[in-house]
Amino acid sequence: MKEYQKFAEQLARKAGIIMKEYFTVGVDYQTKSDNTPLTIADQKINDLVIDEISKEFPDHSINGEEGDHMVEKSEYLWVCDPIDGTKPFTLGIPVAVFSLALLKDGEVIVGVVYDPFCDRMYSASKGNGAYLNNVKMNVSKKTEFAGMIAEQEIYRPGKYNIEPLVTELYGKDIRFLGLCAFIYPSALVAAGQIDFTLFPHITAHDVAAIKILVEEAGGKVTDMYGNEQRYDQPINGALVSNGLIHDELVALSKQLLSLMTDGKNKLVYTKK
């Protein structure tokens, strides 16, 4: 486990070099079919991940947001988001991060999130705790919604319309940051700086590393209905919290998502 974790951290730092190399105000980008941006840095980092993992662990599969390398019957799968927060990245706003997770039979066993601009390495492996630059992390101890800090993924339409849920939470005096990113704020849940995050999409690469970071720090990560899920396939969104208010979040999510879909759980938006 430690070997995989060390490798992931080293790879994250290499990805960070590429991010900083291409970071400027007004980064050129293309628009993908889902209306999200794609930069040269995204593709170069995705290629780097595939090259490095294929050399070091040739029997492992790789699922990157911008490209895959699948090995038949492999029990290990690396899941990568080359740059989370690509839109802020294109605007020259330094809140983007690199994310990488290792799964064994669908379960996350290693996860890293790296912010190259502040040189912050969020890292965890199963049963070994979660760390920020080698200092152990713990989630917040808040038990009341009032005054909590939270984040929602708001950039693109997802599987669930969470507007009714967010409106309800606003009424409980919760402050949403609005960073146009999900992974970094969720890593901050593990660090105890943010109390919860909401993710209404199906993309596992946005949540895989967060699953182990937050839970090794004492928090909780489930789908939008409070269920466990695999991260080697499309997911049913995610609720990420300090664990102490997770049941309340799940109850609100169940109630409001059910009302929003007339209890039929049909898609409100088009899938990515």
Restricting attention to the range 126-144, does a residue exist that is touching a Pro at 6+ places or on another chain (Cβ under 6 Å) and small (Gly, Ala, Ser)?
-> no
Within 16 Å of the chain's Cα centre (by Cα), open to solvent by 60 Å² or more (accessible area, probe 1.4 Å) and within 16 Å of Val207 (Cα to Cα): does that describe Glu107?
-> yes
Exactly one of (1) β-branched (Val, Ile, Thr); (2) touching a His at 6+ places or on another chain (Cβ under 9 Å); (3) open to solvent by 20 Å² or more (accessible area, probe 1.4 Å) is unmet by Thr143. Its number?
-> (2)
Within the range 117-130, of all residues that are touching a strand residue (DSSP E or B) at 6+ places or on another chain (Cβ under 7 Å) and open to solvent by 70 Å² or more (accessible area, probe 1.4 Å), the one farthest from Gly243 (Cα to Cα) is Arg120
Is there a residue in the range 71-86 that is out of contact with any strand residue (DSSP E or B) (no Cβ under 8 Å at 6 or more places or on another chain) and surrounded by 15 or more Cβ atoms within 10 Å (Cβ to Cβ)?
-> no
Residue tally, condition open to solvent by 90 Å² or more (accessible area, probe 1.4 Å), within 22 Å of Val112 (Cβ to Cβ), touching a residue at least 40 places away in the same chain (Cβ under 8 Å) and of a type outside the set (A, V, I, L, M, F, W, C), over the range 1-59 | 4
Scan the range 83-110 residue by residue and report those that are under 20 Å from Ile18 (Cβ atoms) and in a strand (DSSP E or B).
-> Ile83, Asp84, Val97, Phe98, Ser99, Leu100, Ala101
Having 1 or more residues that are of a type in the set (Phe, Trp, Tyr) and open to solvent by 10 Å² or more (accessible area, probe 1.4 Å) is the bar; report the helices (runs of 4 or more DSSP H) wholly within the range 161-260 that clear it.
-> 163-170, 183-190
Does Asp42 meet the test of being under 20 Å from the mean Cα position of the chain (by Cα), in a loop (DSSP other than H, G, I, E, B) and charged (D, E, K, R)?
-> no
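The values are calculated or read from the model by the stated rules, or taken from the named source; none is laboratory data. The structure displayed is predicted, hence computed values, not measured ones. Cβ coordinates were reconstructed from backbone atoms using ideal geometry, including for glycine residues, and neighbour counts include every protein chain displayed. In case anyone asks, the SASA skips ligands and DNA or RNA and just uses the protein heavy atoms, side chains included. Shrake-Rupley method; radii C 1.70, N 1.55, O 1.52, S 1.80 Å.
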